[in-house]
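Chemist: Mind looking over this structure? Questions follow.
Read-outs throughout are calculated quantities, based only on the coordinates presented, and are distinct from any laboratory measurement. Please read all numbers here as calculations on a predicted model, not as lab measurements. Backbone-built Cβ (ideal geometry, glycine too); neighbour counts: all protein chains shown.
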2 protein chains.
Amino acid sequence: MKDKLEKFNEYREKISFHKHVITQFQWDMQTQTPSKGFADKVEAVTYFSSQAFQLQTSEEYGKLLKSLLKEKEFEELDEAMQITIKREWKEYEENKRVPKEFYEEMVRASAHSQKAWEEAKQKKDYSIFCPHLQKMIDYRKQLMEYTRPDMEVYDAMLDAFEEGMDSETIDRLFGELKAGLVPLLQRIAKKTEPDRSIFRGEFPKHLQQEWSGFLLDYIGYDKEAGVMSESEHPFTMGFGPKDVRVTNHYRKDEAINAMFSIIHEGGHAIFEQGVDEQYEKTALTEINFLGLHESQSRFYENILGRNINFWRPIYIKLGEYFPQFQQISLEDFYREINHVAPGLIRIDSDEVSYSLHIILRYEIEKAIFRNGVEAKDLSKLWNDKMEELLGIRPENDTDGILQDTHWSDGSFGYFPTYALGNIFDGMFLEALTEELGDVDTLLADGRIRDITDWLHEKIHKYGSLRTGKEVVEHVCGKEISAKPILKYFEDKYTKLYDL
Amino acid sequence: MKDKLEKFNEYREKISFHKHVITQFQWDMQTQTPSKGFADKVEAVTYFSSQAFQLQTSEEYGKLLKSLLKEKEFEELDEAMQITIKREWKEYEENKRVPKEFYEEMVRASAHSQKAWEEAKQKKDYSIFCPHLQKMIDYRKQLMEYTRPDMEVYDAMLDAFEEGMDSETIDRLFGELKAGLVPLLQRIAKKTEPDRSIFRGEFPKHLQQEWSGFLLDYIGYDKEAGVMSESEHPFTMGFGPKDVRVTNHYRKDEAINAMFSIIHEGGHAIFEQGVDEQYEKTALTEINFLGLHESQSRFYENILGRNINFWRPIYIKLGEYFPQFQQISLEDFYREINHVAPGLIRIDSDEVSYSLHIILRYEIEKAIFRNGVEAKDLSKLWNDKMEELLGIRPENDTDGILQDTHWSDGSFGYFPTYALGNIFDGMFLEALTEELGDVDTLLADGRIRDITDWLHEKIHKYGSLRTGKEVVEHVCGKEISAKPILKYFEDKYTKLYDL
């Protein structure tokens, strides 16, 4: 057993070095690789991905994992190690069914597809991206058929991003959500619009960057264990708890978007930074339950960041960075950051209509993988659904199907996790209020770090020991439901919009 | 032969992927790795360096190289391939003599030493760095004894950074330089100092960054084949001609330092970007002749950048970025950027005293490797030599021995290449003037790109086909000498200081 464990740790180390390299390349490609250098980067990341894949699918490794699982002493290993071995075995079983050439092709195609998406988005030309998207659909379908032949393709994709979730459960939760949100939105729509032009102006990028840094610090992001950079679409990328990186993007004529983007990414990063040190070099620092992950970013962004009390201790400081805010009352600012109106862009959308953007994508993904709808028909389908669900139609694909990066690397089944995150948040908010007291008071007192500590203690430190579903059961003691988040919406917006 | 070449290309590709990864990590570590993430990065770079080392020293590879060299058809291969195989063989022969454990230890120790140097420099405390420096001295000495047992240790180091150069040649060239510079400096010292305070002020970093970007573009750096970032000490790092990156650093209270740093790094980068495309994936894109490399950066920084005519077409633009310069005449600006006065910091020093900073380092390196002087005695030796050569004494080690990064990773023998670059530049300036005409006129007409084209054609496109010495012979048709650069100094400063 001891020899086998040693051998296993050697393997794990090699694999983790390769994963480290792949993450490193991805970080570089998404934040700074120059256009002429891109193809070489793709070649290099393809090579190392393929090396990692070979390591993880070698027969020797498979035998080692299998025999470790059969050992009597296996049950005596600590929980983290047991889970690590089990997950590696699961991944081994899935991966060994994937032909090497197929895998290499797919990795290379993904990199090119991401680049094509960037170009298409910039040029507002879906035709540049469309053939790549079709390839991604075909590759991912094929991949699921290789890796999870016993599962329905789209359920397999959903499970890959949030273990334990299937379309039956999601249909139920999204059904609850839709039933609550549609009437709420209609009631809000009857209200008159405030003057929003006072939030436009000139907001120099370097000041927005500094202010983003301040916000990260304020919510409890550890700057010695990460960096902030810039990219087309904000994201978080970690190399384990000691180095979790975030990016932001900036608009010249308004400053609010970047603020909430960075609080959102900060939430993701605080989760990863908070994983217990004892789990280092185990599978528990890799958190592939994206709904759970998203629940943390959205908790910071929405539940905390869009609460008026979040801003009470720092609103003066905001005015120091951007004097324009000195002329705006905190109450007007609060209304603006919670302004509800159906818009075309998911990442700009308000809390209330956000989930409808997700339901749109969920329905399109079901159309692709259940009904065989092809990439060439997706631009129209997108626009039709947008009209149906939100009552507006994009004038170009950059405001429509090209707005998000996710599908460009084949991440189908990813979007639903965003709304799952919202649903988890309703549950967590209930539990936190019971245990720590009223969130409004905590925030108004500048005690946001107490909330971060609670989240660390209840959720973050376990890393990926439990799935999102299990975390909800542990922290809240009940089954997952959309009712708490709906109650939060109802209470907040009834008051805010005087409904 | 065909099979062997195919096998060789496979090896080359693998090795180049590993080198790519190592460069990628080094770039990250020097520009953005957070402190808590540093140790993991060191582990990863150590692993991949060791993998690369194993590839390059495998017996199979050695046999392959040897048998390729013996093939009849070897002479029929194109020149680039022949050189590539010969260099790989030379490196193989050198590396195979190095024990794997020693190499790994050294790589790891270098990374830690660089980090210690940063801390020591920040805290002005040589004692933090001293034990690391002693280790670097011992490791590098040992490394040379492994790799080049037939050469004297310090000559081996010099040759490693500029092939074909030894201390005998350098003693001659530096002797010429010293003999010319010392009296010139003395004549200048008798002149009165102008008021330099007008160049102090507030220069926001983001504007300095934008202006640096403008300068890079102006001199011919291709932004689609590189990025500009920030680091403690400016540097250039390339992944082949399609991705050559530069960094800069910024001071809040003056803007001139960053301008010349970026022109300098831009010169390095333009060299690497200019290597002929046909040499891609051969050894010719790796330019390890650092004197030649430095000649290009210093050509842009000094010969061009410190010429008044460089600024004529863009001086108005400088005033748009930094209004302070609108109050300063071009002539006063020209005097300032060529202000001669012995200072403590090499990278801030003027063209004339610069070489004395190098001669100081050259003499210390000789003392270490010829006379066995130890790290513990180097702070004092540094300060003594500074007083002897430049007449001033550092008050702390940050302004003394801790100022440069080079020794922190064991790059002994590197410094002399800086002054060699100056000497090469004198030769190149003579040739360029003969062929293209007067540099003053070219610059005043804004035709700096014509100069870049000439350098591309005469020097850059060949990559590392020829050593610095050979380039001088090809471009100038004569043996290397310090006289042309001394004549340039004499002419320029006699006029500027009215000597």
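Chemist: If you wrap a convex hull around the Cα atoms of the protein assembly as shown, how much volume per residue is inside, in Å³?
Modeler: 190 Å³
Chemist: How big is the antiparallel share of DSSP beta bridges in the protein assembly as shown, given as a percent to the nearest 5?
Modeler: Antiparallel bridges: around 50 percent, rounded to the nearest 5.
Chemist: I would also like to ask the following. For B:Glu230, which sequence-distant residues (separation of 5 or more, or a different chain) have an amide H within less than 5 Å of its own amide H, given hydrogens modelled in the peptide plane?
Modeler: B:Asn248
Chemist: Would you compute, from DSSP H runs of 4+ residues alone, the mean residue ellipticity of the protein assembly as shown at 222 nm, taking -39500 (n - 2.57) per run and dividing by the full residue count, rounded to the nearest 500?
Modeler: Calculated from helices alone, the mean residue ellipticity at 222 nm is -20500 deg cm²/dmol.
Chemist: What nm distances, shortest first, do you get from the label point of A:Thr433 to those in the other copies when the point sits 7 angstrom along Cα to Cβ?
Modeler: Sorted ascending, the copy-to-copy spacings read 8.2 nm.
Chemist: Further question: Can you list, bin by bin at 20 Å, the percent of alpha carbon pairs in segment A:165-499, starting at 0?
Modeler: For segment A:165-499, the pair-distance distribution reads 30, 62, 7.
Chemist: Then there is this: Put the label 7 Å from Cα along Cα→Cβ for B:Glu91; what are its distances to the other copies, in nanometres, shortest first?
Modeler: Distances between equivalent label points, in nm: 3.1.
Chemist: Take the rotation relating chain A to chain B, measure from its axis to every Cβ in chain A, and name the nearest residue with the distance in whole Å.
Modeler: A:His206, 2
Chemist: Which whole number gives the average, over all residues in B:217-224, of C-beta atoms from other chains lying within 10 Å of the residue C-beta?
Modeler: For this peptide, the per-residue mean of nearby foreign Cβ atoms is 1.
Chemist: Which GluC sites (Glu not before Pro) in segment B:60-128 pass both tests, a DSSP loop state and at most 10 other beta-carbon atoms within 10 Å?
Modeler: Loop-located and lightly packed - none at all.
Chemist: Just want the ordering: A:Ile423, B:Ile358, A:Ile314, from fewest to most Cβ atoms lying within 10 Å of their own Cβ.
Modeler: A:Ile314, B:Ile358, A:Ile423
Chemist: Same structure, new question: Over segment A:2-161, what is the relative contact order in percent, taking alpha-carbon pairs closer than 8 angstrom and at least six residues apart?
Modeler: After rounding, I find 20 percent.
Chemist: Then there is this: Which one of A:Ser16, A:Cys130, A:Val107 is farthest out on the positive end of the charge dipole of segment A:2-161, using unit charges on Cβ (Lys, Arg +1; Asp, Glu -1) and the Cα centre as origin?
Modeler: Of A:Ser16, A:Cys130, A:Val107, it is A:Cys130.
Chemist: Starting from the eigenvalues of the Cα gyration tensor, five times each then square-rooted, give me the equivalent ellipsoid semi-axes of segment A:406-482, largest first, whole Å.
Modeler: Its equivalent ellipsoid spans semi-axes of 26, 15, 13 Å.
Chemist: Expressed as a whole number of Å, what is the distance separating the alpha-carbon centroids of segment A:218-235 and segment A:350-417?
Modeler: 28 Å
Chemist: Shifting gears a bit: Hand me the trypsin sites (Lys or Arg not before Pro) from segment B:165-206 located in a DSSP loop with no more than 14 other Cβ atoms within 10 Å, in residue order please.
Modeler: B:Lys190, B:Lys191, B:Arg196, B:Arg200
Chemist: Just how large is the dipole of segment A:212-359 about the Cα centre, in debye to the nearest 20, putting +1 at every Lys and Arg Cβ and -1 at every Asp and Glu Cβ?
Modeler: 180 debye
Chemist: I've got another one for you. Rounded, prolate or oblate: which fits segment A:133-245 when a ≥ b ≥ c are the square roots of the eigenvalues of the alpha-carbon gyration tensor, with rounded for a/c under 1.5 and prolate only if a/b beats b/c?
Modeler: oblate
Chemist: Between copies, how far does the label point of B:Gly201 sit from its twins, in nm, shortest first, when each point is 7 Å from Cα along Cα→Cβ?
Modeler: Those label-point separations list as 2.6 nm.
Chemist: Here is a further query. Distance cut-off 27 Å, Cα to Cα: go down the list A:Lys124/A:Lys376; A:Lys281/A:Lys478; A:Lys14/A:Lys121; B:Lys317/B:Lys483; A:Lys190/A:Lys385 and report the pairs above it.
Modeler: A:Lys281/A:Lys478; A:Lys14/A:Lys121; B:Lys317/B:Lys483
Chemist: Next question, about the same structure. Just how large is the dipole of segment A:133-172 about the Cα centre, in debye to the nearest 20, putting +1 at every Lys and Arg Cβ and -1 at every Asp and Glu Cβ?
Modeler: So the dipole magnitude of segment A:133-172 works out to roughly 300 debye.
Chemist: If you don't mind, another one. Would you grab the residues whose amide H sits under 5 Å from the one on B:Ile392? Only those 5+ places off in sequence or on another chain, please, with H modelled 1.01 Å from N.
Modeler: B:Glu387
Chemist: If you take the charge dipole of segment B:210-278 about its Cα centre, with +1 on Lys and Arg Cβ and -1 on Asp and Glu Cβ, which of B:Ala258, B:Leu215, B:Val275 is farthest toward its positive end?
Modeler: Of B:Ala258, B:Leu215, B:Val275, it is B:Ala258.
Chemist: Determine, for A:His206, B:His293, the number of other Cβ atoms within 10 Å of each Cβ, and report the residues in order from fewest to most.
Modeler: Least to most surrounded, the residues fall as A:His206, B:His293.
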